[in-house]
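Below is one structure, written out as structure tokens; the observations come after it.
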Amino acid sequence: MNQLSSLQNSETTRFRQDIQLLRAIAILFVVLNHIDFAFLSVPAGYRGVDVFFVVSGFVIMSSILRQESEGQRFSLLKFFKRRAQRLYPAFLVVIICVFVVSFLTQSFIHVQQETARTGVGASLFFANYVLLARKIDYFNPLYPNPLTHTWSLSVEEQFYITLGILFLLLRKFKVRLSSLFTMFLVAAIAALSLYSCLNFRNLPNAERFFPDPNLFPFYSFHSRAWQLLAGVFVAQLIERIPKNNFKYQARIAQVVATISFLGILRSLIVGAREHQLGQDALIITFSTALFILSMPFAFKNPNQIRLPKIIGWLGDRSYSVYLVHWPIFLLGQQIFGTTSALKFLLLVLTIIGSEFLYRNFEYKYHYREDGENRNILKLFFVGQLTTLCLMLALLGFGNLRYNQTQAYPAWKRIPEGCTGPVMGCDIDFPNSTGVALLEGNSHAGSIVHTFIKITQELRLSSRVWTGHEDIQPDGTELSDSDQFYIFSYYRDSYKDEIEKSYAEHWESYLKNPRVKNLTVFLDNPYMQSWRFPSLISQSSDQSRTRSEQLRNKLRLTLLQALQKKYNNLTIIDPFDSLCDQKTCFGGKNGKVWYLDEDHLTVSGASQLESVIRKTLIAAQANK
């Protein structure tokens, strides 16, 4: 998802039609990639951001070089003011709108919190590193985040800050920004960035300093700078290459422009989604750079190239389209669904929203007062304070509701007395009459708190062996006790072979003389229509009839057969605790019982407390 802060930065580059063409194509493919029509899938369209990075570097450097040629000294303050005036007003509007919609419609179960954290990062220009630190998979995020796309804006802002400081230092030493020395310096830094991108794992302490090295090349400024610097280098090179230097210069430039343009299209159409920047990133970056470089030499006046009006419209509004499209797509589909008709309506809304943002904020602030708005710094600082307060308020509200409704999973809080992680919690009591063992996959993990609470009340040593998708080995090997009370809770895709393997596993326990009682949970209700609860929508209930239709029938049959052979098997049906005769509940009394369609929250798991306690007490009485 990805970037675009390159628009009309100067009169020289403002009307270069080839730049407008690149912007239009890049934003078109980014939008198609994100909206993901079933009939028009563009999985590689996200690489439009690579095009924007090169364009941004070129446009900003062209503007700086033009000012230098006019005798103006490079001013860091003026440079930052122009960047803020160009980018900030529209960004501020989008951040505020996202806050309002997120506050009303997004879930307080992690979702609002992720949006708020990214919002804080975006406001402070390090959203890319927030996503990296949170290990957020760009292509398959755990929670919907309407600000994920701001990672590329942060990369650009980091680039502008770094470039501005570098150029200020060069000017202090009286080095011209159009000099060969500056060109070689830009090329050297770009080469180092490219090396860090392609050989990240070979860098010292790479695994130590970054939480997920697989995501580092995608999000990091260090590994993206070479793409922006490619545009900077092209702008410097164009200034030094004379036009019409030899007979076939225009013809050769036209061939290069054609081939490089085809290279751009190839990279946007072909390929899969990947976090590593490899061959495809190289092709699209260098193709974009070559296209920009060749066009001034391919035509006497590139500005006279005639393009369809829609190309110019998209090119002008590429930044506004980029800002609004992802929040509209994601929040719209999160609230209303994912049908093709709805996606088309969201696309129309994106066009309307981007036009409004462009006319009333981006264009208005960028071009009024001869390109300089004296109040931009005041707007920037007030806006920064406002967005930070809003996002921190969203984070605080989400956490408050999260705790009030007990909507967190058991594995988020370590029970008191555990000698290990939640999913492997062990607690020993002196003079305990045995060991209670909870085993299973993540569904067993969801009832850890309830299980530990009961075993502590009964002063019974406990072992927790949960969170594993595969059947675990004999749990009685976890302790030398001669009396085990085993609770087994697996929920799966209902394949017959898996259920039969569970039955074999349970029978091995029933044959073990150390196992005094085995308790097996049937599956809890699958809430097919479940949605993240938010301020305006609560956890939805489901009819018991429908819930029964969705459950696993084979498990009960297999367990009933085992029960006829062994008298130390107990079956717990979570339906009896989570449903009445007509309805399976998503929550009650302000509490949320489900983390997703079938995982229980701590509050939901507490509904099983009574039946687990009775089962364990009865098992101890029959030892």
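The values are calculated or read from the model by the stated rules, or taken from the named source; none is laboratory data. What you see is a predicted model; the values in this text were computed from it and never measured. Glycine also receives a Cβ, built like all others from the backbone with ideal geometry; neighbour counts cover every protein chain displayed. What goes into the accessible areas is simple: the full protein's heavy atoms, side chains included, and nothing from ligands, DNA or RNA. Shrake-Rupley method; radii C 1.70, N 1.55, O 1.52, S 1.80 Å.
A few comments on the model shown:
- All positions within the range 5-39 that are under 25 Å from LEU65 (Cα atoms), touching a Ser or Thr at 6+ places or on another chain (Cβ under 8 Å) and at pLDDT below 90: SER5, SER6, LEU7, ASN9, SER10, THR12, THR13
- Per-region count, the range 528-550, residues out of contact with any helix residue (DSSP H, G or I) (no Cβ under 8 Å at 6 or more places or on another chain) and open to solvent by less than 60 Å² (accessible area, probe 1.4 Å): 7
- For GLU439: the one exception among (1) open to solvent by less than 10 Å² (accessible area, probe 1.4 Å); (2) of a type in the set (Asp, Glu); (3) over 30 Å from LYS495 (Cα atoms): (3)
- Test: residue in the range 216-236 that is assigned to a helix (DSSP H, G or I), modelled with pLDDT of 90 or more, open to solvent by 40 Å² or more (accessible area, probe 1.4 Å) and within 22 Å of LEU65 (Cβ to Cβ): yes
Residue by residue, here is whether (1) outside any helix (DSSP H, G or I); (2) among the basic types (Lys, Arg) holds:
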{"site": "PHE451", "(1), (2)": "no, no"}
{"site": "ARG459", "(1), (2)": "yes, yes"}
{"site": "ASP482", "(1), (2)": "yes, no"}
{"site": "PHE487", "(1), (2)": "yes, no"}
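- Residue match in the range 90-109 (condition: more than 21 Å from LEU323 (Cβ to Cβ) and assigned to a helix (DSSP H, G or I)): no
- Taking every residue in the range 224-241 that is under 14 Å from LEU180 (Cβ atoms) and without any contact (Cβ under 8 Å) to a residue 24 or more places away in the chain and pairing it with any residue that is assigned to a loop (DSSP other than H, G, I, E, B) and among the charged types (D, E, K, R), at least 6 positions away or on another chain, yields no pair with a Cβ-Cβ distance below 8 Å.
Conditions (1) in contact with a Leu (Cβ under 7 Å, 6 or more places away or on another chain); (2) among the polar types (S, T, N, Q); (3) at pLDDT below 90; (4) within 22 Å of LEU40 (Cα to Cα), marked per residue:
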residue	(1), (2), (3), (4)
ARG317	no, no, no, no
TYR322	yes, no, no, yes
GLN334	no, yes, yes, yes
LYS378	no, no, yes, no
LEU392	no, no, no, no
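- Filtering PHE37, PHE58, PHE79, PHE74 for residues that are open to solvent by 10 Å² or more (accessible area, probe 1.4 Å), of a type in the set (Phe, Trp, Tyr), within 30 Å of THR258 (Cα to Cα) and touching a residue at least 12 places away in the same chain (Cβ under 8 Å) leaves a single hit, PHE37.
- Checking the stated criteria, ILE452 turns out to be buried (at least 16 other Cβ atoms within 10 Å of the Cβ), of a type outside the set (Gly, Ala, Ser) and out of contact with any helix residue (DSSP H, G or I) (no Cβ under 6 Å at 6 or more places or on another chain).
- Of the residues making up the range 249-269, at least one is charged (D, E, K, R) and farther than 19 Å from VAL51 by Cα.
- In the range 469-485, the residues that are touching an Asp or Glu at 6+ places or on another chain (Cβ under 9 Å), in contact (Cβ under 8 Å) with a residue 40 or more places away in the chain and not polar (S, T, N, Q): LEU478
- Cβ-Cβ distances below 7 Å connect the following pairs, each with a first residue in the range 179-202 that is open to solvent by 30 Å² or more (accessible area, probe 1.4 Å), a second residue that is not in a helix (DSSP H, G or I), and a separation of six or more residues or different chains: PHE181/VAL175; ARG201/PRO213.
- Count of residues meeting criterion [polar (S, T, N, Q) and exposed (fewer than 14 other Cβ atoms within 10 Å of the Cβ)] in the range 564-600: 3
- Residues that are over 25 Å from the mean Cα position of the chain (by Cα) and open to solvent by 20 Å² or more (accessible area, probe 1.4 Å) within the range 383-419 comprise GLN404, ILE414, GLU416, GLY417, CYS418, THR419, listed in sequence order.
- The residue that is nearest to ILE486 (Cα to Cα), counting only those in the range 499-515 that are crowded, with 16+ Cβ neighbours inside 10 Å and either without any contact (Cβ under 8 Å) to a residue 24 or more places away in the chain or among the hydroxyl-bearing types (Ser, Thr, Tyr) (or both), is TYR509.
- Taking first residues from the range 341-361 that are under 16 Å from LEU331 (Cα atoms) and partners that are open to solvent by 50 Å² or more (accessible area, probe 1.4 Å) and in a helix (DSSP H, G or I), the Cβ contacts under 8 Å between residues at least 6 apart in sequence or on separate chains come to LEU342/PHE336.
- For VAL42: the one exception among (1) assigned to a helix (DSSP H, G or I); (2) at pLDDT 85 or above: (1)
- Checking GLN560 against (1) out of contact with any helix residue (DSSP H, G or I) (no Cβ under 6 Å at 6 or more places or on another chain); (2) modelled with pLDDT of 90 or more; (3) under 30 Å from GLY420 (Cα atoms), the condition it does not meet: (3)
- Residue within the range 425-440 that is part of a helix (DSSP H, G or I), touching a residue at least 24 places away in the same chain (Cβ under 8 Å) and of a type in the set (Gly, Ala, Ser) present: no
- Consider the range 256-272 and keep the residues that are free of Cβ contacts under 8 Å to residues at least 40 places away in the same chain and loosely packed, with under 15 Cβ neighbours inside 10 Å. The one that is nearest to LEU40 (Cα to Cα) is LEU262.
The rows are residues; the columns are (1) within 19 Å of PHE52 (Cβ to Cβ); (2) in contact with a helix residue (DSSP H, G or I) (Cβ under 6 Å, 6 or more places away or on another chain); (3) without any contact (Cβ under 8 Å) to a residue 24 or more places away in the chain; (4) open to solvent by 10 Å² or more (accessible area, probe 1.4 Å).
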site	(1), (2), (3), (4)
ARG86	yes, yes, no, no
VAL94	yes, yes, no, yes
CYS97	no, no, no, yes
LEU124	no, no, no, yes
LEU132	no, yes, no, no
LEU142	no, no, no, yes
LEU153	yes, no, no, yes
TYR160	yes, yes, no, no
